[in-house]
Amino acid sequence: MQMILAIARREVKRLVSQPLYIFSMLFAPLFSAIFFLTLMDSGLPTDLPAAIVDMDNSSTSRNLVRQLDAFQQTGVVMTTASFTEARKAMQRGEIYGIYYIPANFSVDATTGKQPQISFYTNNAYLIAGSLLFRDMKTMSVLAGGAVGLQTGLAKGYTEDQIMAQLQPIVIDTHSLGNPWLNYSVYLNNTIIPAILQLMIFLVTVFSIGSEIKMDTSREWLQMGKNSLTVCLIGKLLPHTLIFTLVGFSLTTFLYGYSGFPMLSGWLPMLSAMLLLVLASQAVGIMMIGVLPTLRLGLSFASLFGMLSFSIVGFSFPVTAMHPTLHALSNLFPMRHYFLIYIDQALNGRSIYYSWTQYLVLLLFLLLPFLVHRNLKKALLYFKYIP
């Protein structure tokens, strides 16, 4: 125990002597959390700029424009009778959508000629284009229903008879987990822990790799009487404490300050965060053990950490990926943290349904033993070549 504490004190001196550690362990994850939570504070983007090309310019078309502008996500910033002008505005990035109302729209609608409303969205901006598409499609459906209602009333049908024809099946939808469709809940609960995981990979690889580069690894091993296990525990103990405190702070930001859903209480998510920190450190040890050169180890950590943003399943479902990628996703600690988050925070399921994910995070702690011999050999005999 004394050897572990002595190595830990040595590591603390190294941490405070290099600002890079302070930046990576404290500033980067906390600043990222504040940045993303502030950026998406409103949950959904509102008043996305759109243009109206009104070739009809009737009271009916103007009413249609007012109703579209009333949608929370849509803001009509341009009304014109020239489609070319609206198209050029979209190409300049001034608007994200165009709603085209053809000439004689109101006359054709009331005479049963079925006028065609067109809308164009710029899906190069996925969120903006998708939200505008939803609003414009909804407005078009409502406009068609209103025209059908007025036509039916003019023919002498009752409102109930008309609605049975316009909407024979009534759809009752319920969004589970995130009923507000809040993009901050959707993104930040995974992006922010993934950034923390990336920082843990990099700092763990850097702290061990710099021992090899600076030729201080033998001194480090001697302090632990050549026991690599003791040396790693002592070295990473301060890292674990700092990253755990940062992780708990991030959890507090997400579920306390921001009020994101957490149906199973604090303990399951705090436990998942602690295991994510430990598992990420174990993966970092494996990285530098496989590639015991500082630059190669950092490259491995960067690549592996960045892949976790896309392969864990929060942006694209893992089950829809190629079977090989589906299997590889289980090699990322963030994947199992994400599954715990879904079951515990969003769905509020019993801890019984998540025990396998907690167990897998614990099994990551066995990874350093797989590279034990190679890493110790590198610490004893490797000569760094600039």
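The residue of segment 97-116 that is nearest to Asp56 (Cα to Cα), among those that are under 40 Å from the mean Cα position of the chain (by Cα) and buried (at least 17 other Cβ atoms within 10 Å of the Cβ), is Ile101. Pairs linking a residue in segment 123-134 that is open to solvent by 90 Å² or more (accessible area, probe 1.4 Å) to a residue that is part of a loop (DSSP other than H, G, I, E, B), with Cβ atoms under 7 Å and 6 or more positions apart or on different chains, are Tyr125/Tyr96.
May I ask you to list the residues in segment 18-28 that are open to solvent by 100 Å² or more (accessible area, probe 1.4 Å), more than 20 Å from the chain's Cα centre (by Cα) and among the aromatic types (Phe, Trp, Tyr)?
Kept after step one, since they are open to solvent by 100 Å² or more (accessible area, probe 1.4 Å), are these residues of segment 18-28: 19, 23, 27.
The next check asks that each one be more than 20 Å from the chain's Cα centre (by Cα); those that pass are 19, 23.
Phe23, the sole residue that qualifies.
Being crowded, with 18+ Cβ neighbours inside 10 Å, within 34 Å of the chain's Cα centre (by Cα) and of a type in the set (A, V, I, L, M, F, W, C) is the filter here; which residues of segment 29-56 pass it? Talk me through it step by step, then tell me what you get.
Step one: list which residues in segment 29-56 are crowded, with 18+ Cβ neighbours inside 10 Å, which gives 29, 32-33, 37, 40, 48-54, 56.
Pick out the ones that are also within 34 Å of the chain's Cα centre (by Cα) and you get 29, 32-33, 37, 40, 48-52.
Matches in segment 29-56: Ala33, Leu37, Met40, Leu48, Ala50, Ala51, Ile52.
Out of contact with any Lys or Arg (no Cβ under 6 Å at 6 or more places or on another chain) and surrounded by 20 or more Cβ atoms within 10 Å (Cβ to Cβ) - does that describe any residue in segment 316-327? Steps first, please.
Residues of segment 316-327 that are out of contact with any Lys or Arg (no Cβ under 6 Å at 6 or more places or on another chain), as a first pass: 316-327.
Adding the requirement that they be surrounded by 20 or more Cβ atoms within 10 Å (Cβ to Cβ) leaves none.
The answer is no, given that none of the residues of segment 316-327 is out of contact with any Lys or Arg (no Cβ under 6 Å at 6 or more places or on another chain) and surrounded by 20 or more Cβ atoms within 10 Å (Cβ to Cβ).
Among the residues making up segment 286-309, those that are open to solvent by 10 Å² or more (accessible area, probe 1.4 Å) and either more than 20 Å from the chain's Cα centre (by Cα) or within 17 Å of Leu241 (Cα to Cα) (or both) are Met286, Val290, Leu291, Pro292, Thr293, Leu294, Arg295, Leu296, Leu298, Ser299, Phe300. Residues that are assigned to a helix (DSSP H, G or I), of a type outside the set (Gly, Ala, Ser) and touching a residue at least 40 places away in the same chain (Cβ under 8 Å) do not occur anywhere in segment 310-331. With respect to (1) in contact with a Gly (Cβ under 8 Å, 6 or more places away or on another chain); (2) open to solvent by 10 Å² or more (accessible area, probe 1.4 Å), the lone exception for Leu176 is condition (1).
Let me confirm something: among Leu250, Leu228, Leu237, which residue is touching a residue at least 24 places away in the same chain (Cβ under 8 Å) and surrounded by fewer than 20 Cβ atoms within 10 Å (Cβ to Cβ)? Steps first, please.
Working: Leu250 fails: surrounded by fewer than 20 Cβ atoms within 10 Å (Cβ to Cβ); Leu228 fails: surrounded by fewer than 20 Cβ atoms within 10 Å (Cβ to Cβ).
Sole residue among the options that is touching a residue at least 24 places away in the same chain (Cβ under 8 Å) and surrounded by fewer than 20 Cβ atoms within 10 Å (Cβ to Cβ): Leu237.
Within segment 184-201, the set of residues being open to solvent by less than 10 Å² (accessible area, probe 1.4 Å) and under 8 Å from the mean Cα position of the chain (by Cα) comprises Asn188, Asn189, Thr190, Ile192. Candidates are the residues of segment 57-96 that are among the small types (Gly, Ala, Ser) and over 37 Å from the mean Cα position of the chain (by Cα); the one that is least open to solvent (accessible area, probe 1.4 Å) is Ser61.
Please return the ranges of helices (runs of 4 or more DSSP H) entirely within segment 216-306 where 3 or more residues are of a type in the set (Ser, Thr, Tyr).
Details: elements: 217-223, 228-252, 266-290.
Qualifying helices (runs of 4 or more DSSP H): 228-252.
Identify all residues within segment 332-351 that are at pLDDT below 90 and either of a type in the set (S, T, N, Q) or out of contact with any helix residue (DSSP H, G or I) (no Cβ under 8 Å at 6 or more places or on another chain) (or both); write none if there are none. The answer is Leu346, Asn347, Gly348, Ser350. Regarding Ser350, is this residue of a type in the set (Gly, Ala, Ser) and either within 23 Å of the chain's Cα centre (by Cα) or buried (at least 17 other Cβ atoms within 10 Å of the Cβ) (or both)? It is false that Ser350 is of a type in the set (Gly, Ala, Ser) and either within 23 Å of the chain's Cα centre (by Cα) or buried (at least 17 other Cβ atoms within 10 Å of the Cβ) (or both).
The values are calculated or read from the model by the stated rules, or taken from the named source; none is laboratory data. Predicted, not measured: the structure shown is a model, and the values here were computed from it. Positions of Cβ are generated from backbone atoms using ideal geometry, with glycine treated the same way; all protein chains shown enter the neighbour counts. We work out accessible area using only protein heavy atoms, side chains counted, and drop any ligands, DNA or RNA first. Shrake-Rupley method; radii C 1.70, N 1.55, O 1.52, S 1.80 Å.
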